[in-house]
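My questions all concern the structure below.
The values are calculated or read from the model by the stated rules, or taken from the named source; none is laboratory data. This structure is a prediction, so every number in the text was calculated from the model and none was measured. Neighbour counts are summed over all protein chains in view; Cβ atoms, including those assigned to glycine, are modelled from backbone coordinates with ideal geometry.
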Amino acid sequence: MNYHETVDYLYHLGHEVLAADYRLGRIERLLVELDQPQEAYPSIIIAGTNGKGSVAAMMDSILRQAGLRTGLYTSPHLVSPCERIKVGGKEIASEAFADHATRILEASARLITGGAIKSMPTFFEHVTATGFSYFRQQQVDLAVLEVGLGGRLDAANTASSFLAILTQIDFDHEKILGSTLGEIAAEKAAIIKPGATAVVAPQREEVANVIRQHCQQQGLTPRFVLRDPTQVWIQHITADGRVTFSFGSGERVYENIRLALRGYHQIENAVVAIEAAEELRRYGYPITTEAIIEGLQTVVWPGRLESLGGWGEQEWRLDGSLSHPVTPSPRHPVIVLDGAHNPAGANALRRYLEDFRRRPLTLVFGAMRDKRIQDMAAALFPLAQQVILTRVQDERSAELGLLKRVAAGYGDVRLTESVEEAMRQALMLTPAEGMICVTGSLYLVGAVKQCWPIVQATVGIDEDHSRSTQHAARSTRH
């Protein structure tokens, strides 16, 4: 099959979440059929409610700066499934994706014909096996694996990872993982295997106790990071929220780290990555202080406070005060995309917007119906001068009627049937000195990234932008 045929076939296996089957027996049997590709190289695994993708990207960047050939497996993708699988920082080519995925689909079909498994592996299982297979072919030195959902029964957890990283654990996917923080923590802590090393972000005490208990059962002591807040000191901040900080790990001091990713919350993720890198050094990996700092300063992680422009040039302040653009944003408002999709993520985004938003703020919001939409709305909607509700073409996507009920009482709220129309309205409503924030779902962020070139071409983002916004303000509200 070619790439498009392969992707169509994978999508027809069912929705990544709705059709998921949280048992490892089938993927384990498939990996045996493929001669255990995940065991051809060492791996580290990362789970958590928020921050796990950012930490995975940071670890990959640090390891590449150290001269290692890395495999990086993440989910979900924003535009193309190829985004999930990277070697040396580069996405798998569509032809290679089709080749590996087709061979894995053929292996699944053989197993069904022979009665070894009763049903086809899921979309996520197939793509995970595709990543494992590609990493083996590419002879990576080390693979960085981000858990898709939970941990214990996630396909990524079939790898014998010697280092496990847990980022912040909070409420999400309660119908699958459990209704209490303790239950959710137990599912995620299960990525920590006997004799492995565990690096853990700061957690609520209830969560930390579950992690300690699990680690004790596995015969190891977890390394909790940032036990003392004075280990971090912030030095600089830009107008768009990029932080420069220093950190003392107890092992050494890392000075003047200019974080590439925006937001204060990325400091915690960076510290987790630093301490995980120190653990890798104990395993003999040649990771220098310079590689760690450069990795954090060059990491790229789309869809997390990602900017589509509008900030203008930035000025760094040495006294720690907020900097301001040296030149104005000339053509359109600041546009920020953030995949916050649960209350903890929404609260992190709220803190960012409270410090760095420009006014007026237009919020473009859409979410999956199984999320805590009301809690996310309570965190974010009061900050916005106008809220534009929309939905993506996904069967999990919340209907506009549900979003409208949640948004009742929050002022200027508009409904749009398509993401493209939502962005058009946002650009027409928001003056050049304002900000547009797209959030609520990574699927929404991906849809915006896909349609953005079309929106730019049709709206006409130019010096007449302010006149367009005045015209749009007189349009009918829903």
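Checking residue 395 against (1) touching a Gly at 6+ places or on another chain (Cβ under 7 Å); (2) more than 30 Å from residue 255 (Cα to Cα); (3) modelled with pLDDT under 95, only one condition comes out false. Which one?
Here residue 395 clears every test but (1).
Which ones in the range 364-376 are crowded, with 21+ Cβ neighbours inside 10 Å and either of a type in the set (Val, Ile, Thr) or more than 9 Å from residue 440 (Cβ to Cβ) (or both)?
Matches in the range 364-376: 364, 373.
Would you check if there is a residue in the range 342-356 being charged (D, E, K, R), over 25 Å from residue 50 (Cα atoms) and either in the same structural domain as residue 456 (by TED's automatic domain parsing) or touching a Ser or Thr at 6+ places or on another chain (Cβ under 8 Å) (or both)?
no
Then there is this: Could you check how many residues of the range 221-238 are more than 23 Å from residue 199 (Cα to Cα) and within 23 Å of the chain's Cα centre (by Cα)?
So the answer is 2.
With a cut-off of at least 1 residues that are at pLDDT below 95, name the helices (runs of 4 or more DSSP H) lying wholly within the range 159-267.
Qualifying helices (runs of 4 or more DSSP H): 174-177.
While we're looking at this one, here's another question. So, in the range 150-173, exactly how many residues are farther than 23 Å from residue 224 by Cβ, under 19 Å from the mean Cα position of the chain (by Cα) and surrounded by fewer than 22 Cβ atoms within 10 Å (Cβ to Cβ)?
Selection size over the range 150-173: 1.
Suppose the filter is closer than 26 Å to residue 68 by Cα and charged (D, E, K, R); does residue 251 pass it?
Considered against the rule, which asks whether it is closer than 26 Å to residue 68 by Cα and charged (D, E, K, R), residue 251 comes out as yes.
Test residue 135 against the criterion of being buried (at least 24 other Cβ atoms within 10 Å of the Cβ) and at pLDDT 95 or above, and give yes or no.
Taking the combined requirement at face value, the residue satisfies it.
Conditions tested, residue by residue: (1) within 27 Å of residue 222 (Cα to Cα); (2) without any contact (Cβ under 8 Å) to a residue 12 or more places away in the chain; (3) outside the structural domain of residue 346 (by TED's automatic domain parsing).
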| position | (1), (2), (3) |
| --- | --- |
| 126 | no, no, yes |
| 146 | yes, no, yes |
| 150 | yes, no, yes |
| 153 | yes, no, yes |
| 173 | yes, no, yes |
| 179 | yes, yes, yes |
| 183 | yes, yes, yes |
| 188 | yes, no, yes |
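Hey, another quick one. Just name the residue that is nearest to the chain's Cα centre (by Cα) out of those in the range 174-214 that are of a type in the set (D, E, K, R) and surrounded by fewer than 21 Cβ atoms within 10 Å (Cβ to Cβ).
174
Being in a loop (DSSP other than H, G, I, E, B), of a type outside the set (Val, Ile, Thr) and either without any contact (Cβ under 8 Å) to a residue 24 or more places away in the chain or within 23 Å of residue 360 (Cβ to Cβ) (or both) is the filter here; which residues of the range 388-417 pass it?
Selection gives 408, 409, 410, 411, 412.
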